[in-house]
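The values are calculated or read from the model by the stated rules, or taken from the named source; none is laboratory data. A quick note: this is a predicted structure, and the numbers were derived from the prediction, not measured. FYI the Cβ positions are ideal-geometry reconstructions off the backbone, even for glycines, and counts take in every protein chain you see.
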Amino acid sequence: MWTYILKRLLHGLFSIIGASLLIFVITRLTGDPVAMLLPPEATEEMVRQMRATLGLDRPIWEQYLIFASHALQGDLGMSYRWEMPALTLLLDRLPATIQLASAGLLFSISVAVPLGVLSAVYRGSWIDRVGKTLAMAGQAMPNFWVGLILILVFSVSLGWLPAYGSGSFRHLILPAIALGSYPVAAQTRIVRSSMLDVLDSDYIKMGRILGASESVLVWKYAFRNAAVPLITVLGVYFAAMLGGTFVVEVIFAWPGVGRTVVEAVFARDFPVVQAGVLFTSVVFVTVNLLVDLSYGVIDPRARVNV
Amino acid sequence: MSSVETATISAPRARLNLSAIMRLPFIPIFILSVLVICAIFGNQLAPHNPTALNLGMALKPPGWVEGGSWAYPLGTDNLGRDILSRIIAGARISVIVAIYAIIVSGGIGAIFGMMAGYFGRTVDTVIMRIVDIQMSVPALALALVLATLLRPSLSTVLIVIAITYWSWYARIVRAEVISLKQRDYVALARIAGVSTPVIFIRHLLPNIMNTLLVLATLQVGQVIIFEASLSFLGLGIQNPDVSWGLMLADARSYITVAWWAITMPGIAIMLTCLAANLFGDWMRDTFDPKRRQL
């Protein structure tokens, strides 16, 4: 077990280093980092100082080490738009994004689980077909368009929910649905197919012979086992949600990391963009790592194949 | 040589008899054909110039709504541009992005996947680690970095697609090649002194072609949505070029007065993705039944 955890930790660490390297190389390849890291009105003196700090006269791998050691100390540059460290800015905005992504995930699961289970139990029936159609449609709509349509219907026409902003539960509903609509399809499919497998297993048949009620069988015994594959991919979906928050936060003016980074792109506030992307990657890798580790606890068979 | 080749295991082929034709997904094929026709002949088909401003005609509702005119069947946007003509014109970008993604991401992914699966050991480890790294940076985040550094344009979108979408192909092709490698005909070809590039092209590629085609079709919807998202954020296609995502961005400020400007381009995206996904599902079921789970 400990070797498994250690291996996964190393693996995760490696991915984070690799992601930072990727971002570093892209920024160095495509532009002058000094011009990007300093505000346009920077003086000659500031430029020289920045060149010295970044060590631009040194070999590229040394430059990366300087970048990485700064990053490890939490120094991802100063946002010149907000005049505070980029990392502090992002950490300030993180809770809002986590709240939104969790709500989105909660929405998608609360649709996908009943739909997937019922589709499996009543395979081939109308509910199975409805599930398939809904899932297909969800996967074909960009989440920003779902957001716009939700605003159109529930805010503009019906006036039930606020179109943008944050601060209350009512503000959370529309962005969460917009964010959560896309993964419903895949999650439903996963729940349905693993439920079909489990429902066909001997212990469910045994339970049926012993006279257990069908709803107890389905929800207590079958679903618990069928949920394992869903849990393993939740991390992936959570990470995908973090990617999706960029657009959804912009539409709903949600004060999270995504909107901050997108606004930074337009303000050419490069330190914030770079930090935001690095930050997203670290969160992504960490979430996946936690999921993998929890999977190892839930299902010991997973520990073997690392 | 030929005896080696006849041993190639091929997936069950769809025979072109009547029952196979009846099972073709007609509606998706129809939608995709319309899309491609619009992409090629858009200029001739569009009833109006998609980029011509006509402020006197601004924000006209669709033809069937009161106050609308059938000269502009789907209405006009805030600058009086005909929405139907713009949707037709926008098909071109979607088709370019889709074809590009299939060729470039599919190509890179297939090459790296085959190399990882075939050579194993260090090559495999290195390539799969690169895949891991690539997958730990969300595509949209990467696009944001590039958009800050370069001027946002179609080429930024295409660069990000090239960097991002190959890894999915690579992972699946690798798994496929690992099992193909065990087959006798590959081992025999190697013993017979067939060079590695020839083994790749003549013995591995034909066997992963079905998988590649299925993956490519299933990915079309994703890249079209990706392009639309970037253009919507203002980080992709720029005016006066026409893209569905950009149309939605333009219409966003008029959401309270012009529901059609928000609805129509989105329906175009949805129908296209739905058709591509359904077609992909059909391809998978027909050519690659192993992958029902995908």
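Could you tell me which of the residues B:Leu235, B:Leu248, B:Leu271 is at the interface with chain A (Cβ under 9 Å from one of its Cβ atoms) and not in a helix (DSSP H, G or I)? Reasoning before the result, please.
Working: B:Leu248 fails: not in a helix (DSSP H, G or I); B:Leu271 fails: not in a helix (DSSP H, G or I).
Within the list B:Leu235, B:Leu248, B:Leu271, the selection yields B:Leu235.
Output yes when any residue across region A:58-71 is more than 22 Å from A:Ser281 (Cα to Cα) and of a type in the set (Ser, Thr, Tyr), and no when none is.
No, there is no match, as no residue in region A:58-71 is more than 22 Å from A:Ser281 (Cα to Cα) and of a type in the set (Ser, Thr, Tyr).
Among the numbered criteria (1) assigned to a helix (DSSP H, G or I); (2) modelled with pLDDT under 90; (3) more than 10 Å from chain B (Cβ to nearest Cβ), which one does A:Gly124 miss?
(1) is the only condition that A:Gly124 fails.
Output the residues belonging to region B:52-95 that are exposed (fewer than 15 other Cβ atoms within 10 Å of the Cβ) and among the hydroxyl-bearing types (Ser, Thr, Tyr). First the steps, then the outcome.
Our first condition is that a residue be exposed (fewer than 15 other Cβ atoms within 10 Å of the Cβ); within region B:52-95, this holds for B:52-53, B:55-56, B:63-67, B:69-71.
Residue satisfying the conditions is B:Ser69 alone.
Looking at region A:163-196 only, could you name the residues that are touching a residue at least 12 places away in the same chain (Cβ under 8 Å) and not in a helix (DSSP H, G or I)?
A:Ala163, A:Tyr164, A:Gly165, A:Ser166, A:Ser181, A:Tyr182, A:Pro183, listed by residue number.
Being under 17 Å from A:Ser15 (Cβ atoms) and away from every other protein chain (no Cβ under 14 Å) is the filter here; which residues of region B:117-144 pass it?
So the first thing to find is which residues in region B:117-144 are under 17 Å from A:Ser15 (Cβ atoms), and the list is B:124-139, B:141-142.
The one that is under 17 Å from A:Ser15 (Cβ atoms) and away from every other protein chain (no Cβ under 14 Å): B:Asp124.
Looking at this structure, is B:Phe112 touching a helix residue (DSSP H, G or I) at 6+ places or on another chain (Cβ under 6 Å), modelled with pLDDT of 85 or more, farther than 25 Å from B:Leu235 by Cβ and aromatic (Phe, Trp, Tyr)? Spell out how you get there, then give the answer.
Numbers: touching a helix residue (DSSP H, G or I) at 6+ places or on another chain (Cβ under 6 Å): yes; modelled with pLDDT of 85 or more: yes; farther than 25 Å from B:Leu235 by Cβ: yes; aromatic (Phe, Trp, Tyr): yes.
Yes: the conditions hold for B:Phe112.
Each row is one residue, and each column tells you yes or no for (1) of a type outside the set (Val, Ile, Thr); (2) surrounded by 23 or more Cβ atoms within 10 Å (Cβ to Cβ); (3) over 22 Å from the mean Cα position of the chain (by Cα).
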residue	(1), (2), (3)
A:Gly159	yes, no, yes
A:Phe169	yes, no, no
A:Leu179	yes, yes, no
A:Pro183	yes, yes, no
A:Met195	yes, yes, yes
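For every residue, the table says whether it meets (1) more than 14 Å from chain B (Cβ to nearest Cβ); (2) at pLDDT below 85.
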site: A:Ser102; (1), (2): yes, no
site: A:Leu105; (1), (2): yes, no
site: A:Ile109; (1), (2): yes, no
site: A:Gly116; (1), (2): no, no
site: A:Ala186; (1), (2): no, yes
site: A:Ser194; (1), (2): no, yes
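Return only the number of the condition from (1) among the hydroxyl-bearing types (Ser, Thr, Tyr); (2) closer than 28 Å to B:Arg284 by Cα; (3) modelled with pLDDT of 85 or more that B:Ser179 does not satisfy.
It fails just one condition, (3).
Do the conditions hold for B:Ala162, that is, is it under 30 Å from B:Gly90 (Cβ atoms) and either of a type outside the set (Lys, Arg) or at pLDDT 85 or above (or both)?
Answer is yes for this residue.
Would you check if there is a residue in region B:92-108 being within 14 Å of chain A (Cβ to nearest Cβ), within 22 Å of the chain's Cα centre (by Cα) and not in a helix (DSSP H, G or I)?
no
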